Structure formats: structure tokens, C-alpha cells
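Report on one structure; see the data block that follows.
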Amino acid sequence: MIEMSIILHYKDIIPFINIFLFRLTCFENAIMESEELDKDLFKNWVRGSKGLEYLQEGLQEFVGEKVLQCRDNTLQKILSALPSGSPQQCNQCTENNLSPEHFNSTKACNRRTCRQKTSNNCFGSRPVGRRKCPDGICSKFYDAIIDEHAFEDPLWKNTDPSTWCSDPHGWSYAKCFQTTKDPGTSAQDTDAAGLLSIIINNKSIQNFVTRINPHTRSSFHTARDIRNKILHSSKLEIDETTVCSYLDAFIVVLQDPKCLINEEASKKAVHKLTQLKNNTIHISQGDTVSLLENRNKALTELDERTAKSLRKLDEKALVVQKEVKNVALAAKRTVSMKKRVAISKINTAEKQAKQKIDDDIFEIEKSVKMAKNSIVREKGSASSAVHTKGLQSREMKGK
């Protein structure tokens with residue numbers, strides 16, 4: 001009986017065992033599918049990062065050539081305006097001793113006097129130990145770079161003025177138009193973000209691409225934003241639809257109809273991006289490691305941008321403080337002025353009232369005096385008449 005009971009109990013739990021095993025299998029499959037999905041999302045992130053490399057390859061020759069052309073044109077304009085026999089190069093000016101051409105030696109640059117949008121970043125805001133370029137070149141070059149910048153706000157900490165004239169690639173000039181510091185010395189070793197920033201910020205280079213409006217978003221802005229989304233993301237994951245849209249955006253840049261579409265390097269890069277989009281190009285393990293290293297380098301930009309944002313907030317706070325102070329002073333002056341005007345009006349009204357009273361008193365006194373004189377005259381006339389009638393009466397009685 002006992003054995004039969006055990007067998008019956010065992011048979012009763014078999015369905016539950018089967019259900020448990022089924023659920024366990026589903027759970028294991030779900031884990032495997034999740035792992036596969038994670039792998040796919042990471043692979044897509046790798047594809048997006050690799051796309052940035054192809055974008056850089058497609059832009060580097062174009063940007064390198066245009067940078068050198070613009071630097072040489074700017075330098076030539078400065079040299080042609082100098083007296084005959086003047087030096088044609090200068091290597092004596094540095095970020096520590098150069099004074100801008102627009103700088104007034106009697107007063108440090110500020111928001112009102114500086115040519116640069118962010119006056120705190122101008123060399124002229126720290127005038128101690130500075131002097132104008134002894135060869136008459138670099139100070140003018142400094143101002144020319146400000147004028148050439150689409151937002152009149154170059155990145156000076158990224159450049160070396162002593163090589164503005166001599167840099168064989170013109171890259172010390174190009175770095176002024178980047179958004180963040182970059183160790184590159186040419187277009188070939190500068191990443192896609194640096195190249196895109198140069199196109200976006202340099203007005204002369206913009207003449208070679210479809211017009212970029214500083215107040216609207218262009219394909220170059222979009223590509224730069226995508227680069228930051230890929231390399232600054234907290235998760236190394238991108239879904240299939242998104243990565244394809246990113247790669248399409250890079251292709252749009254490289255097929256800019258004004259010039260880039262005809263560049264051989266751009267055509268090759270577009271071909272690679274198309275293969276990458278279609279998943280027909282192999283990415284090695286070494287490539288993946290290299291792409292992760294690029295991401296780690298890009299993350300350092302976030303600290304720099306945070307510091308820059310904080311500096312801008314501090315500047316805005318100072319501006320607001322100053323404006324509030326000015327408004328308060330203006331209000332105080334207005335109140336003081338209104339008070340003076342009111343007091344002046346009261347004094348004038350008081351003088352006018354006093355004058356009117358004096359005039360009225362004078363008229364009253366004059367009227368009283370005239371009345372008195374009239375009474376005296378009338379009284380004299382009456383007395384004379386009485387006296388005359390008295391004489392006449394006496395004469396009549398005598399008769």
C-alpha cells in the first residue's frame with residue numbers, strides 16, 4: 001500500500017515537473033536571446049563608430065587642402081599691406097606674449113571693447129607681459145582669425161601663434177576653428193568632429209560647401225551631433241534602425257553637391273559606409289579595441305565642455321549682476337531726478353503763489369489808497385460846498 005501510494009504521488013507531480021522544465025527552457029532561451037540582442041546592439045555601436053572613421057577619411061583631404069589655402073590667403077593679405085622689405089614670417093609670438101591688433105594698451109579687453117565674442121578668452125583680457133607683433137604680422141593675423149570665425153569666438157588654447165606663418169599644413173591656424181582641444185597636427189590625424197567643426201566655423205571654407213547658416217542646422221551639424229551621441233553614450237548600444245540613419249547622415253555630408261561629391265576620397269568613403277550599412281564589411285577584433293580607445297579619448301571632452309559651460313554661466317551671472325546694478329542705479333537716478341523735478345515744481349509754484357499774493361496785496365493797497373484819495377477829495381468837495389452855501393445864506397440874511 002505504501003509503495004502504491006508513493007507511485008501515485010509521483011505520478012501526480014509529473015505534470016508539475018514538466019511545467020517547471022518547460023518554463024526553465026523558456027527562461028534559458030530568453031537569456032540567450034537577450035545576450036544575442038545585447039551583442040547585436042554592441043555590434044551596431046561598433047558599426048557606428050567605424051562609420052565615423054570612414055567619415056574622417058572622406059573629409060580629411062578636402063579639409064586639409066582648404067585649410068592650407070585659407071591660411072595662405074589670410075597671410076598674403078596681411079603681408080601685402082606691410083611696407084616694402086618687411087619680414088614675411090614671424091615665429092616670435094606666443095600665446096603668452098602676443099597682443100591682438102584690436103587691443104587698446106590703456107585698458108584690458110572687455111565686452112564693450114573686445115572684438116571677440118567671448119572677451120574673457122581673448123589674449124587682450126590678460127594684457128600683462130604682452131606686446132604687438134614686432135614684425136607687424138601676428139597681431140593682425142589674430143584679428144583676421146576672429147573675423148574669419150563664423151561666431152567670432154576662436155579656440156586660442158588649441159593653437160600656437162609662433163607657427164601660424166610656418167606650419168606646413170596650416171593646422172595651427174585650423175585649430176582655432178575647432179570646438180575642443182585636439183592633439184592633431186594635420187587633417188590626417190584629426191577626428192571627424194574636429195574636421196566638421198572647422199567646416200562649420202570657418203567662413204572661407206564654407207564657400208566650398210552648400211551654404212551653412214549659423215542659426216540653423218546643416219548636414220555637418222547633424223553629423224557632428226551624431227558623433228557625440230555615439231562616442232559620449234553611456235551604453236555602447238545602438239539599434240539597427242538608428243545606426244543605419246547615422247550612416248546615411250554621414251553619406252549625406254560626403255555627397256554635399258557643391259564640392260565634396262566630386263572628391264575621390266569622399267567617393268571611397270561613401271562606398272565603405274554603404275557596405276557598413278549593408279553589413280557586408282568585416283570589422284576585426286583589433287578594430288573594435290581601437291574604436292573603444294577612441295571613445296575613451298572622446299569622453300575627456302565632456303569634462304572640458306562642462307568646465308566651459310560653467311565658465312559661461314559665471315560670465316552670464318556677472319552680466320546679469322551688472323545689469324541689475326545698472327538698472328538699480330538708473331532707477332535711483334530716475335527717482336532722484338523726479339524728486340528734484342518735483343521739488344523744483346513745488347518751489348516754482350510757491351514762488352508763483354507768493355508773487356500772486358504780493359501782486360494781489362499791491363492791487364488791494366492801490367485800490368485802498370485810491371479809495372482813500374477819492375474819499376478825501378469828495379470830503380473836500382463836500383466841505384467846500386457847505387462852506388459856499390453858508391456864505392450864501394449869510395449874505396441873503398444880511399440883505
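Only the coordinates and a few stated rules stand behind these numbers; no lab work does. A quick note: this is a predicted structure, and the numbers were derived from the prediction, not measured. Positions of Cβ are backbone-derived with ideal geometry, glycine not excepted, and every protein chain shown enters the neighbour counts.
Reported value for the range 9-311: 180 Å³ per residue, from the convex hull of its C-alpha atoms.
Which of the GluC sites (Glu not before Pro) found in the range 51-105 are in a DSSP loop and have at most 10 neighbouring Cβ atoms, other than their own, within 10 Å?
Values: sites: GLU53, GLU57, GLU61, GLU65, GLU95, GLU101; in loops: GLU95, GLU101.
In loop regions of the range 51-105 (DSSP not H, G, I, E or B), there are no sparsely surrounded GluC sites (Glu not before Pro).
Rounded to the nearest Hz, the phi-derived 3J(HN,Hα) couplings of the range 248-256 under the Karplus curve 6.51 cos²θ - 1.76 cosθ + 1.60 (θ = phi - 60°) are 4, 5, 5, 5, 4, 4, 6, 10, 3, where x marks glycine and proline. Here the simple spin-label model places points 7 Å from the Cα toward Cβ, and for LYS366 and ILE261 these points are separated by 9.7 nm. Here the simple spin-label model places points 7 Å from the Cα toward Cβ, and for ASN228 and HIS282 these points are separated by 3.7 nm. About its Cα centre, the dipole of the range 9-311 is roughly 1360 debye, where the only charges are +1 on Lys and Arg Cβ and -1 on Asp and Glu Cβ.
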